[in-house]
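Engineer: I'd like to ask you about the structure that follows.
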Amino acid sequence: TLIAQSMAHHLSTSNFWCDHGIIHRCNVLYLGYEDPESLKLRQAALAQSDPREFDENIGFVSIVSESIPEMPSELAFATIRWFFSDLVDNGPAVFMNEVLFIDTLSMAFSHLGNENDAQFMAQVAKFARALCEIGITVFIIHHAGKDASKGLRGHTALTGAVDNIFRCNLKGKNKV
């Protein structure tokens with residue numbers, strides 16, 4: 001979550017993230033369902049960390065604490081599409097790149113089904129794929145189980161449906 005939130009912030013506000021150049025800044029929607037109050041505090045801290053990153057062309061990072069209704073559904077899809085369309089029409093910046101972060105898979109979708117069910121995970125994948133097809137890059141934050149060597153929690157269909165999996169490990173006391 002810390003890494004994803006930092007990435008979301010920098011995708012919309014700056015030209016670099018972790019010493020890597022950001023070629024095209026982005027409009028970002030960050031749906032934070034797990035401990036949203038802490039997410040809001042971290043977002044405020046990121047905004048204060050380097051005020052030189054901000055200018056009139058800032059993208060939009062939103063930390064949302066309320067669930068989009070009945071995700072995944074046509075209503076949720078339309079709500080996300082509306083957010084980006086409204087931003088382009090009325091927002092502080094118009095970037096052609098749009099990025100959605102869903103943090104976490106379990107918190108966003110658990111009320112709709114079981115992450116161990118292949119059919120349910122196929123619905124989640126279909127929802128994310130539909131967003132990708134209209135040009136939105138989707139990051140879904142998901143955690144490994146207690147034994148990280150066994151991989152991600154949930155049905156194996158999840159790992160087959162994604163383009164990339166980034167695994168974060170603690171290396172020493174202060175490195176990831």
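The values are calculated or read from the model by the stated rules, or taken from the named source; none is laboratory data. All of these numbers come straight from a predicted model, not from anything done at the bench. Glycine also receives a Cβ, built like all others from the backbone with ideal geometry; neighbour counts cover every protein chain displayed. These accessible areas exclude ligands, DNA and RNA; they are computed on the full protein's heavy atoms, side chains included. Shrake-Rupley method; radii C 1.70, N 1.55, O 1.52, S 1.80 Å.
Engineer: Residues that are modelled with pLDDT of 80 or more and open to solvent by 40 Å² or more (accessible area, probe 1.4 Å), at least 1 per element: which helices (runs of 4 or more DSSP H) completely within the stretch 87-176 meet that?
Structural biologist: Helices (runs of 4 or more DSSP H) meeting the threshold: 105-109, 118-133.
Engineer: Being out of contact with any strand residue (DSSP E or B) (no Cβ under 7 Å at 6 or more places or on another chain) and under 18 Å from residue 100 (Cβ atoms), is that true of even one residue in the stretch 29-39?
Structural biologist: no
Engineer: Could you list, ordered by first residue, the pairs with Cβ atoms under 6 Å in which the first is in the stretch 16-33 and over 15 Å from residue 3 (Cα atoms) and the second is open to solvent by 60 Å² or more (accessible area, probe 1.4 Å) and among the aliphatic types (A, V, I, L, M), at least 6 apart or interchain?
Structural biologist: 33/107
Engineer: Which residues, taken from the stretch 4-45, are open to solvent by less than 40 Å² (accessible area, probe 1.4 Å) and in a strand (DSSP E or B)?
Structural biologist: 26, 27, 28, 29, 30, 31, 32, listed by residue number.
Engineer: Here's another thing I want to ask about it. State whether one or more residues within the stretch 73-81 are surrounded by 14 or more Cβ atoms within 10 Å (Cβ to Cβ), within 26 Å of residue 170 (Cα to Cα), modelled with pLDDT of 85 or more and within 15 Å of the chain's Cα centre (by Cα).
Structural biologist: No, every residue in the stretch 73-81 fails to be surrounded by 14 or more Cβ atoms within 10 Å (Cβ to Cβ), within 26 Å of residue 170 (Cα to Cα), modelled with pLDDT of 85 or more and within 15 Å of the chain's Cα centre (by Cα).
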